[in-house]
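The values are calculated or read from the model by the stated rules, or taken from the named source; none is laboratory data. Just so it is clear, the model here is predicted, and its values are computed rather than measured. Heads up, the Cβs are rebuilt from the backbone with ideal geometry, glycines too, and the neighbour counts pull from every protein chain shown.
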Amino acid sequence: NAGVTQTPKFQVLKTGQSMTLQCAQDMNHEYMSWYRQDPGMGLRLIHYSVGAGITDQGEVPNGYNVSRSTTEDFPLRLLSAAPSQTSVYFCASSYERTGPRTEAFFGQGTRLTVV
Amino acid sequence: TQLLEQSPQFLSIQEGENLTVYCNSSSVFSSLQWYRQEPGEGPVLLVTVVTGGEVKKLKRLTFQFGDARKDSSLHITAAQPGDTGLYLCAGAPYSGGYQKVTFGTGTKLQVIP
């Protein structure tokens, strides 16, 4: 079982460049989300989606866009990369209908460096 | 935003030792989860506790949810090198979906053979 697949695993960007982090899940989960992980700050929610065509902002959405055209895919777009966006990014999915007591499945992460 | 503080932040112990990791908040949670994250990987769920005072055991790992549902602990007996990783707690409020889950700051554990 593939679970949650993120690409790329590593990326270096120059300030001002744009890019898309890809995320796909094969578990038919309604809920998908993007987090960034920084030392000493835990996981912070960037954007989330409760189903195809529905997205909303999380705790730290500035500088990022998302879309959800299918149940399986949830790409994260960096519009104009800044050094403050250097971080490790995780995509996660879970069954929305059963609520937050159920397991969140995470991808392997994308380590992004903006120079 | 509900905050979850984990302590200690770092822990380096010898194989065979026991340890306890704490997850504390001033907020009340309907449930609390513990995840383990290995280097280069995403977090993986270990356990979910939902009842105040609940104790769950997973082999050498014992998880407890505080009576007031504001805190939790993870105790590892006879730690092994395979226990090395980042341990994260995550609390869910009574209302709202998964987007309301708050993750703790993490405890990085190193078990030395």
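For this structure, a couple of remarks:
- Hey, B:Pro81 touching a residue at least 60 places away in the same chain (Cβ under 8 Å), within 14 Å of chain A (Cβ to nearest Cβ) and either surrounded by fewer than 18 Cβ atoms within 10 Å (Cβ to Cβ) or of a type in the set (S, T, N, Q) (or both) or not: no
- Of the set (1) at pLDDT 95 or above; (2) within 14 Å of chain A (Cβ to nearest Cβ); (3) crowded, with 22+ Cβ neighbours inside 10 Å, all apply to B:Leu74 but (2).
- A:Leu21 being closer than 20 Å to A:Gln108 by Cβ, at pLDDT 95 or above and either touching a helix residue (DSSP H, G or I) at 6+ places or on another chain (Cβ under 9 Å) or loosely packed, with under 15 Cβ neighbours inside 10 Å (or both): no
- The set of residues in segment A:48-68 that are under 20 Å from A:Val88 (Cβ atoms) and among the hydrophobic types (A, V, I, L, M, F, W, C) comprises A:Val60, A:Val66.
- Residue ranges of strands (runs of 3 or more DSSP E) in segment A:40-115 with at least 3 members within 22 Å of B:Cys23 (Cβ to Cβ): A:43-51, A:87-94
- Condition check for A:Ala92: in contact with a strand residue (DSSP E or B) (Cβ under 6 Å, 6 or more places away or on another chain) and either surrounded by fewer than 21 Cβ atoms within 10 Å (Cβ to Cβ) or under 30 Å from B:Phe10 (Cβ atoms) (or both): yes
- Among the residues making up segment A:1-18, those that are surrounded by 14 or more Cβ atoms within 10 Å (Cβ to Cβ), within 16 Å of B:Gln37 (Cβ to Cβ) and either aliphatic (A, V, I, L, M) or over 11 Å from the mean Cα position of the chain (by Cα) (or both) are A:Gly3, A:Val4.
- Candidate set: segment B:41-57, residues that are at the interface with another protein chain (Cβ under 7 Å from one of its Cβ atoms) and not aliphatic (A, V, I, L, M); chosen: the one surrounded by the fewest Cβ atoms within 10 Å (Cβ to Cβ): B:Glu41
- Only residues that are of a type in the set (D, E, K, R) and more than 20 Å from A:Ser94 (Cβ to Cβ) were counted in segment B:41-55, giving 1.
- All of B:Leu4, B:Leu88 fail the test of being within 14 Å of chain A (Cβ to nearest Cβ), modelled with pLDDT under 95 and within 14 Å of the chain's Cα centre (by Cα), apart from B:Leu4.
- Selected residue (criterion: farthest from B:Leu11 (Cα to Cα)) from residues of segment B:58-71 that are surrounded by fewer than 20 Cβ atoms within 10 Å (Cβ to Cβ) and hydrophobic (A, V, I, L, M, F, W, C): B:Ala68
- Considering segment B:17-40, the residues that are of a type in the set (Gly, Ala, Ser), over 25 Å from A:Val88 (Cα atoms) and surrounded by fewer than 20 Cβ atoms within 10 Å (Cβ to Cβ) include one that is nearest to the other protein chains (Cβ to nearest Cβ), namely B:Ser30.
- Residue in segment A:20-28 that is under 23 Å from B:Leu3 (Cβ atoms) and away from chain B (no Cβ under 13 Å) present: no
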